[in-house]
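The values are calculated or read from the model by the stated rules, or taken from the named source; none is laboratory data. Small disclaimer: the values here were computed from a predicted structure and weren't measured. Backbone-built Cβ (ideal geometry, glycine too); neighbour counts: all protein chains shown. Just the protein is used for accessible areas: all its heavy atoms, side chains included, with ligands, DNA and RNA removed. Shrake-Rupley method; radii C 1.70, N 1.55, O 1.52, S 1.80 Å.
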Amino acid sequence: MSTPTSTGRPSVVAILLGVLFLGLLAAFAIGLPKAQGDEAAPEPEKLSLTLPDTLPGGYVASDDPAAFADGQLADQADEIAKQEAANADYGNGVLPDALGTSAATRTYVADGTEAVFVQVFQSEGGAFAPNSIPDPANTGGQAGTEMTKVGDGACILTYGQAQAAGQAAPVAFSQCQVSEGEVTVQIGSSAVAADDLVGVADELLKTYDQD
């Protein structure tokens, strides 16, 4: 009578090897995403963005009574500056909360009445466009809104009404965006030409240390 061959030990060994193999697979599956996560690039450090009291070109912050000292609103300079300071404080709280990144806003004045609206963001820019971009061919040769490249910036030009038949409509408002590194300036005015706005934005961007 032949002695039965025992199968107990190989089965136990096979099971143990199988469990060990599954354990290694599980460890690899869990450890790989963690390792990849550890190697992921860290989020960029938030910049401390503020806007200066004056801008190149003689623009003074509207929350400074000096902005109105030599203009038609000189008698109301203190009251207007107080209101503008409150607006700036409010905007400087809203923008970072809404955008989730560093941002600041401030309004400037030239010649006592000409307003220039400025925002600065920690962003590489690019997300900038009017609500619609009509084809001039469908609007008699000139659309009410145009998006165009101006120097280093992208600008949205909004046109008013022509003064006389056959004349080109004047630009009623210019808003431009200029970026350098991870800082973007957005600047707009109804009184200042787009190329001048882009020049101011270029100079402002030089003041932010991104090293």
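Results, tabulated for the structure shown:
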{"item": "Meets criteria (touching a Pro at 6+ places or on another chain (Cβ under 6 Å), modelled with pLDDT under 95 and not aliphatic (A, V, I, L, M)) for THR139", "result": "no"}
{"item": "Test: GLY71 is part of a loop (DSSP other than H, G, I, E, B) and either open to solvent by less than 80 Å² (accessible area, probe 1.4 Å) or at pLDDT 90 or above (or both)", "result": "yes"}
{"item": "Residue check, ASP89 surrounded by fewer than 17 Cβ atoms within 10 Å (Cβ to Cβ), under 16 Å from LEU49 (Cβ atoms) and over 17 Å from the mean Cα position of the chain (by Cα)", "result": "yes"}
{"item": "Some residue of the stretch 152-173 being buried (at least 18 other Cβ atoms within 10 Å of the Cβ) and free of Cβ contacts under 8 Å to residues at least 24 places away in the same chain", "result": "no"}
{"item": "Near pairs, Cβ below 7 angstrom, 6+ apart or cross-chain, from the stretch 176-188 (under 18 Å from THR158 (Cβ atoms) and modelled with pLDDT under 95) to any residue that is assigned to a strand (DSSP E or B) and open to solvent by 20 Å² or more (accessible area, probe 1.4 Å)", "result": "none"}
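To keep it simple, each residue is scored yes or no on (1) assigned to a strand (DSSP E or B); (2) open to solvent by less than 60 Å² (accessible area, probe 1.4 Å); (3) free of Cβ contacts under 8 Å to residues at least 40 places away in the same chain.
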site: LYS46; (1), (2), (3): no, no, no
site: LEU49; (1), (2), (3): no, yes, no
site: ALA67; (1), (2), (3): no, yes, no
site: LYS82; (1), (2), (3): no, no, yes
site: ALA85; (1), (2), (3): no, yes, yes
site: LEU95; (1), (2), (3): no, yes, yes
site: ALA115; (1), (2), (3): yes, yes, no
site: GLU124; (1), (2), (3): no, no, no
site: MET147; (1), (2), (3): yes, no, yes
